[in-house]
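Below: one structure, written as structure tokens.
Readers should treat all values here as calculations from the given coordinates under stated rules, not as data from a laboratory. If you're wondering where the values come from, they're calculated on a predicted model, not measured in any experiment. We place every Cβ from the backbone using ideal geometry, glycine too, and count neighbours over all the protein chains shown.
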């Protein structure tokens, strides 16, 4: 017998965790001498009150959808891919090489090639930890952490020594040519008299992110491979008994995960910066962990959680602009979300299970 | 002779840079030997660095700062224990949360208390750990070879450096020569056996996590009050992860941990002193030095050069059978 109805597991527990995280965040804001209600008002108007705010919120959300999906796919195979940051960095390198060294006639073809390049590079960066986990039993969490640092050093080297245009000071690649600039929401949705999303980086890759959510859903719940990934994640021994190869599933799940993390680069590198800069990912790879945990590793949950974190990021930037609350407040909220929805899950779950069990007894 | 002086100077800065790594590495050793994975070493160090610098700046006493640093690190340890021992949550996710919590809270509180863009005021006088000079260091410095080694390399570090290196034999003794150490190692390999013997698994694991907190606290305080004079945002700069790498490199053994930390400290010292190293036409870029600890760890983890096997019950919450 199930201890709890399914809706409680899917909706109630994340909701309670989120409320706990929100209460603690409000206490933190109070403790540093600011008004939490005012802060929330500022964040809502700043992030959702105008198409300008939405433009940034959706831009951040696009990043987080890709990295959240990356973590979620690995979670289904019971793998904790903490290396989304490094994989997204390498994805950026793939995008930059596609955009800089091949003359493209039109952005649409370039976008397809950039998708392929970013996925290839991201997957390649996940391939070595995946192989080591599958074949040599090296813990994937430790190897992916190490690969994040190796990626940062590698990218630093490539940008400073190889890709930096001659004479340039800051370590970044040359700007991408005009032909590969992606259409932004501003150019897509503005009319002559009404300019919307003015000056915001949100672009066509938002739709690719939504599409990716759908594709991942279909993959996990509607294909044989997805079934194999899920059953391997549930019980390894059962999966082996059913003839599923742990090596194959580990490597494939990590390749998909790395490709999704790498795909983020079409948004931040090709869509926004239009060149490759140092630290282009800005921690989005790690936010993917919070997004996947909150979204319960379901693509629709990831979609909602990514929008929530996009709102937090844009709202936090507005907050830092108008008050003395620094942007790091968002890092604290992110930590609390990971803590409550991830590590302290049982703290919420155990009392709730007891409650539902006693309710059921009362009804009988 | 000039080469020798440079050599001594690099080794001297190796010791300085290896100290926080060593303290954090030993911290992780206690925790992981008891079966609690800890990727939150970085966060605990960062938290301790801030609170030690903040309290030292306000009170002018570095010792109060050290205590505050240890206390703040212990709070995070308690959180990690609560999540991973009491509520049997995922230890890795808890560690990730602790790292972010520290990264955010330190800047938030620093901005609120000092309003200097997420840093503390610079420490001076009694707010810092001062170097301890060994007897006759001054007069012996003229003696060739031995003089520089004694007065430059061994003498003139802050007390926390000596504490860190003394912790190595102490840790070896505690782990391999005391009853507590035996039980601690046992609880990381086979907690059910420890439970059967009538010893509290939960108690032992909390003790290990607390020791880890104290050592991370000292490591953070060293960073902010001895190595540098004050806290700056993200000042641990990945040292917690290098310490984790050193721990794996040393295969969870105290003396080897010291060796690994000295090696990684040497890499940092070389990267700090020379930028790109020219070896007869082949230039080793500085980034290769940065990446080397991580690459070495992956190689060791892969088991191509001596396999690193973690404590068997590591990462698994213990559930008593009923």
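Taking each residue of B:289-297 in turn, how many C-beta atoms of other protein chains fall within 10 Å of its C-beta, and what is the average?
5
Looking only at other chains, what is the average number of their beta-carbon atoms within 10 angstrom of each beta-carbon in A:22-28?
If you average over the peptide's residues, the count of other-chain Cβ atoms is 1.
Pop the C-beta distance of residue A:241 and residue A:135 into the FRET formula with R0 = 22 Å and round what comes out to the nearest 0.05.
Details: r = 21 Å, r/R0 = 0.95.
The computed FRET efficiency comes out at 0.60.
Could you please state, rounded to a whole Å, how far the C-alpha centre of the range A:313-364 is from the C-alpha centre of the range B:16-86?
25 Å
When a/c reaches 1.5 or more, the comparison of a/b and b/c decides; with that in mind, is the range B:80-174 rounded, prolate or oblate per its Cα gyration tensor? Write out the running numbers ahead of the final one.
Values: a/c = 3.96, a/b = 1.64, b/c = 2.41.
Oblate shape, in that a/c is at least 1.5 and b/c is the bigger or equal ratio.
For a quick check: sort A:139, A:181, A:76 by the number of other beta carbons within 10 angstrom, fewest at the front.
A:181, A:139, A:76
Compute the label zone of residue B:177 within the range B:198-221: residues whose backbone N is under 16 Å from the point 7 Å along Cα-to-Cβ.
none
Set the Förster distance to 25 Å, then compute FRET efficiency between residue A:4 and residue A:234 from the Cβ-Cβ distance, nearest 0.05.
It comes to 0.90.
Quote to one decimal, in nm, the extra length available between residue A:35 and residue A:11 on full extension: 0.36 nm per residue of separation minus the C-alpha distance between them.
Full extension of this stretch gives 5.7 nm more.
Can you order the peptides A:222-234, B:109-121 by their average number of other Cβ atoms within 10 Å per residue, highest first?
Highest mean packing first, the order is B:109-121, A:222-234.
If the convex hull of the alpha-carbon atoms of the protein assembly as shown is projected onto planes in all directions, what is the mean projected area in square nanometres? All intermediate terms of the calculation are to be shown ahead of the outcome.
Values: hull surface 142.3 nm².
Directional mean of the projected Cα hull area for the protein assembly as shown stands at 35.6 nm².
In nm, to one decimal, how far is the residue A:174 label point from the residue B:193 one, both placed 7 Å along Cα→Cβ?
Result: 6.5 nm between the two label points.
State the Cα centre-to-centre distance between the range B:93-152 and the range A:6-35 in whole Å.
36 Å
When A:99, B:261, A:213 are ordered from fewest to most other Cβ atoms inside 10 Å of their Cβ, what list results?
A:213, A:99, B:261
State whether the range B:1-93 is rounded, prolate or oblate according to the following rule on the C-alpha gyration tensor (a ≥ b ≥ c being the square roots of its eigenvalues): a/c under 1.5 gives rounded; otherwise a/b larger than b/c gives prolate, and the remaining case gives oblate.
oblate
Would you mind giving the mean number of other chain beta-carbons within 10 Å of the Cβ of each residue in B:237-247, as a whole number?
2
For B:195, A:170, what's the fewest-to-most ordering of other Cβ within 10 Å of each Cβ?
Starting with the residue having the fewest Cβ neighbours, the order is A:170, B:195.
Could you calculate the contour length gain from residue A:218 to residue A:108, that is, 0.36 nm times the residue separation minus the distance between their Cα atoms, to one decimal place in nm?
Difference between extended and current length: 37.1 nm.
May I ask for the angle, rounded to the nearest 10°, between helix B:159-177 and the longest principal axis of chain B, with both axes built from Cα atoms and the value confined to 0 to 90°?
Relative to chain B, helix B:159-177 is tipped by roughly 40 degrees.
Specify whether the C-alpha gyration tensor of chain A places it in the rounded, prolate or oblate class, a ≥ b ≥ c being the square roots of the eigenvalues: rounded for a/c under 1.5, otherwise prolate if a/b is larger than b/c and oblate if not.
It comes out oblate by the Cα gyration axes.
Quickly rank A:84-97, B:88-101, A:267-280 as a protection proxy: mean count of other C-beta atoms within 10 Å, highest first.
Answer by packing, highest mean first, reads A:84-97, B:88-101, A:267-280.
Applying a 10 Å radius around every beta-carbon, put A:23-33, B:138-148 in order of their mean neighbour count, most first.
A:23-33, B:138-148
Taking chain B as the reference, fit the longest principal axis to its C-alpha atoms, fit the long axis of helix B:286-302 to the helix C-alpha atoms, and give the angle between the two in degrees, 0 to 90, nearest 10.
30 degrees
For the Cα atoms of chain B, what angle does the longest principal axis make with the long axis of helix B:2-33, in degrees from 0 to 90, nearest 10?
So the helix axis and the longest Cα principal axis differ by about 10 degrees.
Determine, from the Cβ-Cβ distance of residue A:48 and residue A:300 and an R0 of 25 Å, the FRET efficiency 1/(1 + (r/R0)^6), rounded to the nearest 0.05.
0.80
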